[in-house]
Amino acid sequence: MQDFHAKILASNLTAALALAGQWNLEKTRRKNGPIYLISLGQACTKMKLYQAKLWRLTGIPLAEYLRKLLLLLSQFKEQVRT
């Protein structure tokens, strides 16, 4: 059960960071420009590498680390094709 709940927590954190990154992408999008979405597959892969440090941080260092992760995940975007 512990592994199950840890995986759910990690998935929720990844989804929350991807959603925040998506908002940043939409804010910087030009009018009539292409639409981009953050790749959740890439986001999950990167979070597996970087999430271990999250459990040791608190306060301001945690907020800064989350901001860096948000910028990292925002780099893995894919253009929406019609």
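Bear in mind that the values in this text are calculations on the coordinates, not laboratory data. A quick note: this is a predicted structure, and the numbers were derived from the prediction, not measured. Here Cβ is always computed from backbone atoms with ideal geometry, including for glycine, and neighbour counts include all displayed protein chains.
Among the residues of segment 1-44, count how many are under 11 Å from Phe76 (Cα atoms), of a type in the set (Ser, Thr, Tyr) and without any contact (Cβ under 8 Å) to a residue 40 or more places away in the chain.
The total comes to 1.
Sort out which residues of segment 38-82 are over 19 Å from Leu19 (Cα atoms) and charged (D, E, K, R), and write them in order of number.
Lys53, Arg56, Arg81
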